[in-house]
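Bear in mind these aren't lab numbers, they're just calculated from the coordinates by the rules spelled out. What you are looking at is a predicted structure, and each value in this text was computed from that prediction instead of being measured. A quick note on method: Cβ atoms are made from the backbone with ideal geometry, for glycine too, and the neighbour counts reach across all protein chains shown.
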DNA sequence: AATGCAAATGCAAATCGTTTGCAACTGGAT
DNA sequence: ATCCAGTTGCAAACGATTTGCATTTGCATT
Ligand SMILES: [Mn+2]
Ligand SMILES: [Mn+2]
Ligand SMILES: [Zn+2]
Ligand SMILES: [Zn+2]
């Protein structure tokens, strides 16, 4: 049977956007698509250095900005820390951040999404994007 | 008739929290309670200097942190810019940011709030606080 | 396979928003 | 009026991110 979703081919996408596939970009894309967490630039950099020791942090930042512009990654600015990233594969979701562990849990509510639309409608706005973050602690 | 809501007396609150009412704090509180917008530290500083030319930006930052800790102000980290503040008087609300003008529009949905609770419940979490920001443009 | 050149890189320095060390200065309790 | 811990202004430090620039590299062209 077929996989439920086809994985995006980011290198193809970059190429057809007229952007060069360089070694650092290959490495960073590989890290991004191979991770299911939300690493920050420094974490991506550390992982990248293991694959290609010559990569610089500046290039990680430049690449994240490039990929964000192409819609290939999402940037999150959770409270307190540096920006964190995730590949833009997969469906939209929002985040619950565990204040004790820093763990990020993904969730999605179609109802909330609809209500957001409705609110924007009533205010005469079109939503470009939004951000819903819940900060909490495990109940015990 | 009485006003619908009684305005908080921040100076009293500070005093009873064992915190000194200094001149810079008076000025900053006056600015905060007298504003209905969401100024950043530099904007607060500029307004403060007009009232007392000796105030420093460092004190604005220190005071904002102090007031935030006391629950007297809320800090927002909207996309792109520096942190912005508003006094914590009034009821909870979320924000719609106009991407063209930077204008911040407040809204509230009891239904969304309830759904957030429900989601956290199902994930076994207690929400400490949350952040819902809509970024959009005026429909035309 | 060699050439050419704009695009991309690494490095270090710069920038931005925010925080902090420290000596001088109050607020407010006595 | 005195006292002293809390608070201030200043400048320097900070962490995250961006940028200038000389060098390297992808890749389109021969
Ligand atoms: Mn996610
Ligand atoms: Mn508000
Ligand atoms: Zn959402
Ligand atoms: Zn809310």
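A few remarks follow.
- Each residue in the stretch B:50-70 was checked for being within 16 Å of ligand 2 (Cβ to nearest atom) and over 21 Å from the mean Cα position of the chain (by Cα), and 0 of them qualify.
- Checked against the criterion of being within 16 Å of ligand 3 (Cβ to nearest atom) and closer than 30 Å to residue B:139 by Cα, the stretch A:94-103 contains one or more residues that satisfy it.
- Residue A:95, sole failed condition from (1) more than 14 Å from chain B (Cβ to nearest Cβ); (2) surrounded by 15 or more Cβ atoms within 10 Å (Cβ to Cβ); (3) within 15 Å of the chain's Cα centre (by Cα): (1)
- Residues located in the stretch B:75-91, provided they are surrounded by fewer than 17 Cβ atoms within 10 Å (Cβ to Cβ), more than 10 Å from DNA strand C (Cβ to nearest atom) and within 14 Å of another protein chain (Cβ to nearest Cβ): B:79
- Candidates A:9, A:52: the one that is more than 30 Å from residue A:138 (Cβ to Cβ), more than 14 Å from chain B (Cβ to nearest Cβ) and near DNA strand C (Cβ under 9 Å from one of its atoms) is A:52.
- Scoring residue A:113 on the criteria (1) within 16 Å of ligand 4 (Cβ to nearest atom); (2) under 20 Å from residue B:130 (Cα atoms); (3) facing another protein chain (nearest Cβ under 9 Å) leaves a single failure, condition (3).
- Filtered residue count, the stretch A:61-74, keeping only those that are away from DNA strand C (no atom under 16 Å from the Cβ) and surrounded by fewer than 13 Cβ atoms within 10 Å (Cβ to Cβ): 1
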